[in-house]
Amino acid sequence: MESERGWKFTQCFGDKADLEDVTEADIISTVEFDHSGDYLATGDKGGRVVLFERSDNKQGCEYKFYTEFQSHEPEFDYLKSLEIEEKINRIKWLKPNNNSLYMLTTNDKTIKLWKVCEKALKLVTENNLLDGDRSPPPDISHLRLPKLVPHENIIAAIPRKIYANAHAYHINSISVNSDDETYLSADDLRINLWNLGINNQSFNIVDIKPANMEDLTEVITAAEFHPTSCNYFMYSSSKGTIKLCDMRESALCDQHAKQFEEPEDPASKNFFSEIISSVSDVRFSSDGRYILSRDYLTLRLWDVNMEKQPVRTISVHDYLKPKLCDLYENDCIFDKFECNISGDGTHAMTGSYNNYFSIYDLTGAGDDVMLQADKNAFRAKRIQGPNGSKSKVGIPRNGRGGLRKEDIDPENIDYNRKILHSSWHPRENTLAVAATNNLFIFTD
């Protein structure tokens, strides 16, 4: 008998409440595996960071709650009369160098370096204080030395550094360099380079702000360091371009080394062309050879050595093309979908509406799979088939096929339920997918 193979839903975290009952602060705004895949972090609109730890058991591996802490609080900029949300925009892990975990978290304006470690709590069991049960010691010979007794171990989150006041616009990306000493932070018009040990100084490496803001034609949408070469980084723009920069060329990297852009077909140009061509996310493959980019309707795979056109262009939800006018009116056309590439570089993943997400075989050898991260998972996980296999969300019980794009009716899609944030395990086919206030884990 052939063994069952295919993507399976394995875990779901979060409240089971209906979409209308979900508190805004509980909506997940970022998801990130660490370099080993043993830890998983989520950030939400309430400024909280929740960590999960992997544990292996007889049934396989699963993630368990590890700790939770408040990373950011709401602030107010009195000079500009602006409220600064506590929402966590990005989390990036640093490579551990001891038993502690380190990560960068950011909201719109402030980046923080956190240390998460286990601390032993001790209690004082003996002292000379009057507690009402005994009289004070009559003389010095009766004085008792305080005793510290181990009480319990707790997981503590300690802010080690706060990197503030460096961005005039909202931070959309942070990325740690392969040298493990520096990182970049990007907002709409500038990219800054920081040293992890220095929080009061950063270097501006990209500045696309025009002298006159009326001449502004594009904004930076995402930025990321090369995974192995510490001098390269890339950033994407709202014009649909990806620029690869080399920091060895000059201190200010306004002149890019390479530009990846697919020329627009004049015949298909319309009112929405500029909006839907804006790149919402870019990712390097783990070896740095390929770049995966996502705009509103498509996913593109670029070879770093070939700028003129992508190696592969994938239509994510072309069934939405007739609905662009409605999506513009309800602001969904401005949604920023993230994309992910597997650790071995053979598969890509990105989200869509109705909590659908798709996994694409970039080698062309296998089939693409479309799944759904659905609340029914709470019940579906308990349903067993005749052969003892548990049912999967959006997948037939034999683990193949999934949903078919041709069967989706754009008129019946819930545009409030969408998969914007996700993360791919660095070493295996495990996906963490955020759907509103729930975190789903899928494995292959």
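The values are calculated or read from the model by the stated rules, or taken from the named source; none is laboratory data. Bear in mind the structure is a predicted one, so any value in this text is a computation, not a measurement. In this analysis, Cβ positions are derived from the backbone assuming ideal geometry, glycine residues included, and neighbour counts consider all displayed protein chains. With ligands, DNA and RNA removed, areas are computed over all heavy atoms of the protein, side chains included. Shrake-Rupley method; radii C 1.70, N 1.55, O 1.52, S 1.80 Å.
Taking only the Cα atoms of the range 132-204, how large is their convex hull per residue, in Å³? Could you put the intermediate results ahead of the total?
Values: hull volume 18.1 nm³, N = 73.
Output value, Cα hull per residue: 247 Å³.
Please give the length that would be gained between Glu53 and Asp77 if that part of the chain were fully extended, namely 0.36 nm times their separation in residues minus their C-alpha to C-alpha distance (nm, one decimal).
So the chain would gain 5.0 nm between Glu53 and Asp77.
If the range 81-192 were replaced by its equivalent ellipsoid, with semi-axes equal to the square roots of 5 times the Cα gyration tensor eigenvalues, what would those be, largest first, whole Å?
On the way: eigenvalues 454, 64, 22 Å².
With the √(5λ) rule applied to the range 81-192, the semi-axes are 48, 18, 11 Å.
Could you calculate the FRET efficiency of Thr346 with Asn153 from 1/(1 + (r/R0)^6), where r is the beta carbon distance between them and R0 is 41 Å, rounded to 0.05?
0.50
Once the Cα gyration tensor of the range 162-228 is found, what semi-axes does its equivalent ellipsoid get, as square roots of 5 times the eigenvalues, in whole Å, sorted largest first?
Values: eigenvalues 102, 38, 16 Å².
The three semi-axes for the range 162-228 are 23, 14, 9 Å.
Give me the percent of accessible area attributable to carbon and sulfur for the chain, probe 1.4 angstrom.
47
If each DSSP helix of 4+ residues adds -39,500 (n - 2.57) and the sum is divided by the residues in the chain, what number results at 222 nm, nearest 500 deg cm²/dmol?
For the chain, the value works out to -500 deg cm²/dmol.
Using the alpha carbons of the chain, what is the convex hull volume per residue in cubic angstrom, as a whole number?
Values: hull volume 98.8 nm³, N = 444.
In the chain, the Cα hull volume divided by residue count equals 222 Å³.
Report the percentage of all Cα-Cα pairs in the range 1-108 whose separation exceeds 17 Å, rounded to a whole percent. List each step's numbers first, then the result.
Values: 3669 of 5778 pairs.
Percent of Cα pairs beyond 17 Å in the range 1-108: 63.
Which of the trypsin sites (Lys or Arg not before Pro) found in the range 1-104 are loop residues per DSSP with 14 or fewer other Cβ atoms within 10 Å of their Cβ?
When the trypsin sites (Lys or Arg not before Pro) of the range 1-104 are filtered for loop state and at most 14 Cβ neighbours within 10 Å, Arg5, Lys16, Lys58, Lys80 remain.
Strictly greater than 18 Å: what percent of every Cα pair in the range 204-319 meets that?
52
If Ile111, Ile140, Ile208 are ordered by their accessible area, calculated over protein heavy atoms with a 1.4 Å probe, which sequence runs from highest to lowest? Working shown, then result.
Values: Ile111 0, Ile140 140, Ile208 45 Å².
Final ranking, largest accessible area leading: Ile140, Ile208, Ile111.
Between their Cα atoms, which of Lys269/Lys321; Lys45/Lys418; Lys243/Lys308; Lys8/Lys336; Lys95/Lys258; Lys109/Lys239 are more than 19 Å away from each other?
From the list (Lys269/Lys321; Lys45/Lys418; Lys243/Lys308; Lys8/Lys336; Lys95/Lys258; Lys109/Lys239), the Cα-Cα distance tops 19 Å for Lys8/Lys336; Lys95/Lys258; Lys109/Lys239.
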